[in-house]
């Protein structure tokens, strides 16, 4: 299948905008913040399977941060580093109808801005996959360190490749009550995986006020990319989305399994801030990504900023 023409056109515009934004990087800029999020099913449903874990680190640079997105692309740049492990349910004796192992390392640049009330994020990434990432080697060394049986699935993992990927997200924040916000969004992606996603997030509390918020690609959980907020206390986040999947390089043509045409996600999170300290923990339910997957899964996500 191919991405609809309207989505392809939008992504082409996204590529052009990011390309024109890059020369602005030559302007004097400073570090505006660091964002990070760890996801793992060990802190979710307690299993070790499928979208089993990831870590993302975002370095945000720009001339300044005023508490609101700038009006043009390129003023704010987010440099993103992300590592992810995708695995069959059993690393030693995988089922014949399970997915292949994937080690993915992503390097990218994204720009965030707002035009006429529409919050936009446009990004270009290089998604590096295969043994060349060293992720499977680290995974094997961890099994050795813990005295676990060595995985046998690495030899059949998705092979070495570099997958250029463009992503665009457009959303709008709506105040629905005191300390309550709804943010519907649409996301388009082409490259490592090609998809069109529609969803929304609700926040009760001050989490995200005056901050650049960045979305994790696997769970959809949003994390702060700029400095900590001014209001202490607890916040609750909820969200859900549905994606139409047109292509995925994380599956191989000719394999016995059939990738799903749609994917759903539902997420819940709790954030606490006290002074310069904050803790976020969230859970995300992911629907099946291939027809033979017997059930969905639950990933946990955590972010800590603690100063002693």
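The values are calculated or read from the model by the stated rules, or taken from the named source; none is laboratory data. No experiment lies behind these values; they were computed from the predicted model shown. In this analysis, Cβ positions are derived from the backbone assuming ideal geometry, glycine residues included, and neighbour counts consider all displayed protein chains.
Restrict the check to segment 85-95 and report whether at least one residue is within 21 Å of residue 165 (Cα to Cα) and either surrounded by 18 or more Cβ atoms within 10 Å (Cβ to Cβ) or modelled with pLDDT of 95 or more (or both). There is at least one residue in segment 85-95 that is within 21 Å of residue 165 (Cα to Cα) and either surrounded by 18 or more Cβ atoms within 10 Å (Cβ to Cβ) or modelled with pLDDT of 95 or more (or both).
Taking segment 280-308, which residues are modelled with pLDDT under 95 and more than 18 Å from the chain's Cα centre (by Cα)? Matches in segment 280-308: 305, 306, 307, 308. Whenever a residue of segment 173-186 is free of Cβ contacts under 8 Å to residues at least 60 places away in the same chain and on the phi > 0 side of the Ramachandran plot, it has no partner that is loosely packed, with under 13 Cβ neighbours inside 10 Å and part of a strand (DSSP E or B) lying with C-beta atoms less than 9 angstrom away and at least six residues away or across chains. Restricted to segment 62-77, and to residues that are over 19 Å from the mean Cα position of the chain (by Cα) and crowded, with 17+ Cβ neighbours inside 10 Å, which residue is farthest from residue 110 (Cα to Cα)? Top of the filtered list is 65. Only one of the numbered conditions (1) in contact with a helix residue (DSSP H, G or I) (Cβ under 8 Å, 6 or more places away or on another chain); (2) not in a strand (DSSP E or B) is violated by residue 51, and that is (2). If residue 167 satisfies every condition in (1) free of Cβ contacts under 8 Å to residues at least 12 places away in the same chain; (2) touching a helix residue (DSSP H, G or I) at 6+ places or on another chain (Cβ under 9 Å); (3) more than 21 Å from residue 88 (Cβ to Cβ) but one, which is the exception? Every condition holds for residue 167 apart from (1).
The strands (runs of 3 or more DSSP E) found wholly in segment 261-308 and carrying at least 3 residues that are buried (at least 16 other Cβ atoms within 10 Å of the Cβ), touching a residue at least 12 places away in the same chain (Cβ under 8 Å) and out of contact with any helix residue (DSSP H, G or I) (no Cβ under 8 Å at 6 or more places or on another chain) occupy 262-274, 277-286.
Residue 233 meets each of the listed conditions (1) in contact (Cβ under 8 Å) with a residue 40 or more places away in the chain; (2) in contact with a strand residue (DSSP E or B) (Cβ under 6 Å, 6 or more places away or on another chain) apart from (2).
Any chance segment 221-233 includes a residue that's over 14 Å from the mean Cα position of the chain (by Cα), assigned to a strand (DSSP E or B), at pLDDT 95 or above and surrounded by fewer than 17 Cβ atoms within 10 Å (Cβ to Cβ)? The answer is no, given that none of the residues of segment 221-233 is over 14 Å from the mean Cα position of the chain (by Cα), assigned to a strand (DSSP E or B), at pLDDT 95 or above and surrounded by fewer than 17 Cβ atoms within 10 Å (Cβ to Cβ).
Residues that are part of a loop (DSSP other than H, G, I, E, B) and in contact with a strand residue (DSSP E or B) (Cβ under 7 Å, 6 or more places away or on another chain) within segment 57-67 comprise just one, 65.
Of the residues examined, residue 254 is not one that is more than 30 Å from residue 101 (Cα to Cα), more than 19 Å from the chain's Cα centre (by Cα) and in a loop (DSSP other than H, G, I, E, B).
Looking at residue 240, is it in a strand (DSSP E or B), in contact with a strand residue (DSSP E or B) (Cβ under 9 Å, 6 or more places away or on another chain), touching a residue at least 12 places away in the same chain (Cβ under 8 Å) and farther than 24 Å from residue 109 by Cβ? Against the criterion (in a strand (DSSP E or B), in contact with a strand residue (DSSP E or B) (Cβ under 9 Å, 6 or more places away or on another chain), touching a residue at least 12 places away in the same chain (Cβ under 8 Å) and farther than 24 Å from residue 109 by Cβ), residue 240 qualifies.
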